[in-house]
Amino acid sequence: MTTAADAGLPDDPTSSGSAQDAATTVQLSAAPDRDAAARRAEDLFIDSFGYRPDGVWSAPGRVNIIGEHVDYQDGLCVPMAISHRCFAAAARTPTDRLRVRSAQSETVLDIDARDLAPGRVEGWPAYVAGVLWALRPHISGSTTQGMDIMIDGQVPLGAGLSSSAALECAVAEAIESLLSLSTSPLQRVQAAITAETDFAGASTGGLDQSASVLSRSGHALFLDCRDFSTRPVPWDLAGQDLALLITDTRAEHSHVDGEYTARRADSEQAARDLGVGTLRDVDPSALEEVLPTITDEVVRRRARHVITEIERVRAFDSLLASGTVREHVAELGALLDASHDSLRDDYEVTVDQLDVAVEAARGAGAHGARMTGGGFGGSTIAMVEAGEAQQVASAIAGAFAARGFAAPEFFLALPSEGAGQDR
């Protein structure tokens, strides 16, 4: 299945070289200036549709700091929005035609909005059309639903940074404004989730959409996936001379595949075996007693990851509540390390590039490092001293070159604002 990544930025061609070459050419990429990117989306709309849009809306990608593969088990997560965003320039029209285009794709959608239904739209436009379809309960029956939308995706593709959620949430903000729906942020989160699961046919637990809509600048987001309650968590790394280094490994990545579905099924089987609604209900202090009751060894390891990962999030949150990141940097870093090791050994969602990036970062002095996102490719994060980010990136690039991997891309993650209107 073609995913929403097709509506984002295409990957730059890369090739591996010597470790020395990689170390001398590493650059830390920055996100495009938000105002300039919004103006670009507006200009693209004018060039494509021949008139000025009613506005430009955007939503960020996200990086999950800790709490991986637990959202679909009512778990706890600590994501943050990044400064890379997806932009949607849009205008309402007096018809019921939905026309959608993207700066990064030649695919064009032109459909009567009244005909929207799962299976009627394929590829990345399904993630756009699905949002309008999911918001129908909030739209008056007499309201025309026609609109023109130009997408300009600035979230790196295939990096596990939720380009699909950024797309959905930017469109949800645009539709909310264009049709004056008066939905709550949480209702827009739910519409984006519904669009991805029920309309586009992908599987998502809601972490990505929540982070894209609800995040605050300078903060991470503590998310309880049982009731979608959230609260901001102070995460001012820059103010404490620390940084979060993202490594896009360039390993191919997809959430819409059998592996993701299999992990989710395994965790659901584990909950049934333990007689609980979800693995969130398992008492972690009784872990060694309950795990042996799961007879399937693979399912047992999946359960161990989910249960211990939720506990790691609790510990992470408690540390942040009791002092600054700097004061607890060693303990926080150890939790990041343990998270990756569990994802590698018990949940088995890493690939060689993810493991190499994490080990190289740790060896170069990172306080902690782990894969982030769904796995099977994508990105890693490393908590590093701000003045050592370049050094850690060079070590990772060198390790990739030594293994013959394509050169990774690096950028520093800044905790950014959630979805909203830009112009």
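The values are calculated or read from the model by the stated rules, or taken from the named source; none is laboratory data. What you see is a predicted model; the values in this text were computed from it and never measured. All Cβ positions, even for glycine, are placed from backbone atoms using ideal geometry, and neighbour counts span all protein chains on display. SASA here: full protein model, heavy atoms, side chains in, ligands and nucleic acids out. Shrake-Rupley method; radii C 1.70, N 1.55, O 1.52, S 1.80 Å.
Table for the structure above
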| item | result |
| --- | --- |
| Condition met for residue 186 (assigned to a helix (DSSP H, G or I), aliphatic (A, V, I, L, M) and surrounded by fewer than 21 Cβ atoms within 10 Å (Cβ to Cβ)) | yes |
| Among the residues listed as 227, 236, the single one being under 29 Å from residue 135 (Cα atoms), in a loop (DSSP other than H, G, I, E, B) and not aliphatic (A, V, I, L, M) | 227 |
| Complete set of residues in the range 170-183 that are in a helix (DSSP H, G or I) and surrounded by fewer than 19 Cβ atoms within 10 Å (Cβ to Cβ) | 177 |
| Test: residue in the range 321-331 that is open to solvent by less than 10 Å² (accessible area, probe 1.4 Å), of a type outside the set (Gly, Ala, Ser), touching a helix residue (DSSP H, G or I) at 6+ places or on another chain (Cβ under 8 Å) and part of a helix (DSSP H, G or I) | no |
| Selection from the range 197-211 of residues that are within 11 Å of residue 162 (Cβ to Cβ) and open to solvent by 10 Å² or more (accessible area, probe 1.4 Å) | 204, 208 |
| The range 365-386: number of residues that are of a type in the set (A, V, I, L, M) and surrounded by fewer than 20 Cβ atoms within 10 Å (Cβ to Cβ) | 1 |
| Which listed residue is open to solvent by less than 40 Å² (accessible area, probe 1.4 Å), out of contact with any Phe, Trp or Tyr (no Cβ under 7 Å at 6 or more places or on another chain) and either assigned to a helix (DSSP H, G or I) or within 20 Å of residue 28 (Cβ to Cβ) (or both), from 389, 334 | 389 |
| Test for residue 37: is it in contact with a strand residue (DSSP E or B) (Cβ under 7 Å, 6 or more places away or on another chain), open to solvent by less than 20 Å² (accessible area, probe 1.4 Å) and assigned to a helix (DSSP H, G or I) | yes |
| Among (1) within 21 Å of the chain's Cα centre (by Cα); (2) surrounded by fewer than 21 Cβ atoms within 10 Å (Cβ to Cβ); (3) touching a residue at least 12 places away in the same chain (Cβ under 8 Å) - the single one residue 238 does not satisfy | (1) |
| Residues satisfying the stated conditions in the range 293-320, i.e. of a type in the set (Val, Ile, Thr) and either open to solvent by 70 Å² or more (accessible area, probe 1.4 Å) or more than 21 Å from residue 223 (Cβ to Cβ) (or both) | 293, 294, 295, 298, 299 |
| Verdict on residue 371 being within 28 Å of residue 211 (Cα to Cα), in a strand (DSSP E or B) and in contact with a Gly (Cβ under 6 Å, 6 or more places away or on another chain) | no |
| Count of the range 105-120 residues which are within 19 Å of residue 48 (Cβ to Cβ) and either in contact with a Pro (Cβ under 6 Å, 6 or more places away or on another chain) or in a loop (DSSP other than H, G, I, E, B) (or both) | 1 |
| Residues located in the range 215-235, provided they are open to solvent by 40 Å² or more (accessible area, probe 1.4 Å), in contact with a Leu (Cβ under 7 Å, 6 or more places away or on another chain) and either within 17 Å of residue 86 (Cα to Cα) or β-branched (Val, Ile, Thr) (or both) | 230 |
| In the range 241-262, the residues that are in a loop (DSSP other than H, G, I, E, B), of a type in the set (Asp, Glu) and either surrounded by 14 or more Cβ atoms within 10 Å (Cβ to Cβ) or at pLDDT 90 or above (or both) | 241, 257 |
| Residue in the range 70-91 that is open to solvent by 30 Å² or more (accessible area, probe 1.4 Å) and over 19 Å from residue 178 (Cα atoms) present | yes |
| Qualifying residue in the range 327-340 (condition: closer than 15 Å to residue 75 by Cβ and at pLDDT 95 or above) | yes |
